[in-house]
Amino acid sequence: MDTVKDRVWRRMLNVPNVLTLARLVLSIVVFVLVPLGHYFSALLVFIVAASTDWVDGYWARRFNQVTQLGRIFDPFVDKIIVCGLFVFLAAEEGSGITAWMAVVVVAREMLVTALRGFIEQSGGDFSAKMAGKLKMVFQCVAGGFGLGALMYANGTAPGWLVTILPPAWFLQVLLPVSVWLAVLSTIYSGLQYVVVAAKHIVGEPTDATPS
């Protein structure tokens, strides 16, 4: 007999939410691999984990499987994987990511979470916007390049990668550009939330803001 409890569980354990749970597990794997010095394995797992974010979002919209659990769980896991990776990379010399950059990323996410709760509790809308999506992309690229930089620094980068991206080009151009794009987009999208929250407080109409 199909009970209400069974229907609730099926709705909660749909494909997008299962993918989000898988992303959380893969994030933990990345956090274990980085301190052990298995940077290439960590990079591969991180790429798979980050890819599930796009897949679960597409699936939820395509097959109308958006749930309240997903609306809470998905951004939470996104913050775990990005903030966690930046913190772990900041602890590794040669990653190109410093402690203050990790603080900026974590602080932005804490601020956005607080503002989101305040605005949505007051009836405001915090739908995703392009700046937030780009911020996530830049952060993931910077995190991936940070893992790559550790491979170069420790001499564990695969030969084919070194051939395609010579150390000087990778470490002196691609890495700093990606990291600064991540930091600046993080600050910019965070400021957008502050502006939207301020407008909401004074009663002005607001547009959708980044996630």
### Query
Any idea which residue in region 74-106 is modelled with the lowest pLDDT, counting only those that are assigned to a helix (DSSP H, G or I) and touching a Gly at 6+ places or on another chain (Cβ under 8 Å)?
Asp74
### Query
In region 153-183, how many are free of Cβ contacts under 8 Å to residues at least 40 places away in the same chain and either closer than 30 Å to Glu109 by Cα or assigned to a helix (DSSP H, G or I) (or both)?
15
### Task
Would you be able to say whether some residue in region 135-146 is modelled with pLDDT of 80 or more and either more than 24 Å from the chain's Cα centre (by Cα) or among the basic types (Lys, Arg) (or both)?
yes
### Message
Residues to consider are Gly123, Gly132, Gly155; find the one that is modelled with pLDDT of 90 or more and either among the small types (Gly, Ala, Ser) or open to solvent by 60 Å² or more (accessible area, probe 1.4 Å) (or both).
### Response
Gly155
### Message
I'm checking my understanding of the structure. Among residues of region 61-73 that are within 18 Å of the chain's Cα centre (by Cα) and open to solvent by less than 60 Å² (accessible area, probe 1.4 Å), which one is modelled with the lowest pLDDT?
### Response
Gly70
### Subset of region 21-41 (residues that are open to solvent by 60 Å² or more (accessible area, probe 1.4 Å) and either over 18 Å from the mean Cα position of the chain (by Cα) or hydroxyl-bearing (Ser, Thr, Tyr) (or both))
Pro35, Leu36, His38, Phe40
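The values are calculated or read from the model by the stated rules, or taken from the named source; none is laboratory data. This is a predicted model, so every value here is computed, not measured. Note that we place each Cβ from the backbone using ideal geometry, even for glycine, and neighbour counts take in every protein chain shown. For the accessible areas, the whole protein counts, side chains as well, though only heavy atoms, and no ligand, DNA or RNA atoms are used. Shrake-Rupley method; radii C 1.70, N 1.55, O 1.52, S 1.80 Å.
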